[in-house]
1. Distance between Cα centroids, region 203-227 to region 89-148: provide it in whole Å.
2. Could you work out which residue, out of E218, E79, E89, moves most in a Gaussian network model of the chain, that is, has the largest mean-square fluctuation with Cα springs under 10 Å?
3. Based only on Cα atoms, what Rg/Rh ratio does the chain have, Rh being taken as Kirkwood's radius?
4. I need to check one value: relative contact order of the chain, counting alpha carbon pairs closer than 8 Å and at least 6 residues apart, in percent.
5. If you roll a 1.4 angstrom probe over the protein chains with everything in place, what fraction of the accessible area of the chain belongs to carbon and sulfur, to the nearest %?
6. As a test of the formula, what do you get for the chain when each DSSP H run with n ≥ 4 contributes -39,500 (n - 2.57) and the sum is divided by the residue count, at 222 nm and rounded to the nearest 500 deg cm²/dmol?
7. Accessible area per residue of the chain at 1.4 Å probe, in Å²?
8. List the residues whose amide H sits under 5 Å from the amide H of E48, counting only those 5 or more places along or on another chain, with H placed 1.01 Å from N in the peptide plane.
Amino acid sequence: MPRLMWEQVFRMTAETHSAAEIPGRLNLVREEIRLACEGADRPIGSVELVAVSKTMPAAAVEDAIEAGQRVFGENRVQEALGKWPALKELHPDIELHLIGPLQTNKARDAVSLFDAIQTVDRPKLARVLAEEMERAGKRPRCFVQVNTGEEPQKAGVGPEDVAAFVSVCKETFNLPVVGLMCIPPLDEEPAMHFALLAKLAAELKLPELSMGMSADFETAIAFGATYVRIGTAIFGERVLLE
Ligand SMILES: *Cc1c(COP(=O)(O)O)cnc(C)c1O
């Protein structure tokens, strides 16, 4: 989307959102994460909250930063480039995750801006990421996205191909793969998808599991999520749908 349109989206979003609500919502989400950890008999520090700030203006992000949030997720490289370099300069301890599809022609920007890339899902992308990491001397941690529902329109590697693909990423391209990520189908119980992702990661001895969004993060934590990606519950409804 051209920059002008993004500015319009940011303005609309800012108008419909009271920034004052963000710290309160953030604290509520943190408390819910704490309770879910307790319920699952997991240490509170075992789950990292990724605040998904896609379509949100920099002012909303700053409110979350002020409230202590340091890990953020964006789904579009282009949008993130407009918003994050300045914020990262002000707050060098911020960790930025790419959680949306990555085209190979944006791999260079993605490697330079992001600290983690959660959507590695095909050999060509793995190869280009490896080249760009080599060039930049910077190695954002990688997650392999798994299409647990085997939905034809959705990105991600099929569950039966994960082992081979992870091996290509690690052995052939020497990518720093730390875990798996999934987005369950909208119309299905997420639990079985979280269980499948956890099983695949355990088989491959990958420590990190990125799963769970605003509607289902408690379930994801019960199934072992180490990263939950939460947008709406923190920033409110998005004006622009993805
Ligand atoms: C938008 C998005 C989220 C956050 O979704 P919410 O329902 O707003 O919490 C999480 N993961 C991905 C990949 C997304 O695109």
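1. 20 Å
2. E89
3. Reported Rg/Rh (Cα atoms, Kirkwood Rh): 0.95.
4. 20 percent
5. So the carbon and sulfur contribution to the accessible surface is 54 percent.
6. Working: 10 runs with 107 residues, N = 242.
Roughly -13500 deg cm²/dmol at 222 nm, from the helical runs in the chain.
7. Here the residues of the chain average 47 Å² of exposed surface.
8. Hits under the 5 Å cutoff: Y227, V228.
The values are calculated or read from the model by the stated rules, or taken from the named source; none is laboratory data. The model shown is predicted, which means the values in this text are computed figures rather than measured ones. For the accessible areas, the whole protein counts, side chains as well, though only heavy atoms, and no ligand, DNA or RNA atoms are used. Shrake-Rupley method; radii C 1.70, N 1.55, O 1.52, S 1.80 Å.
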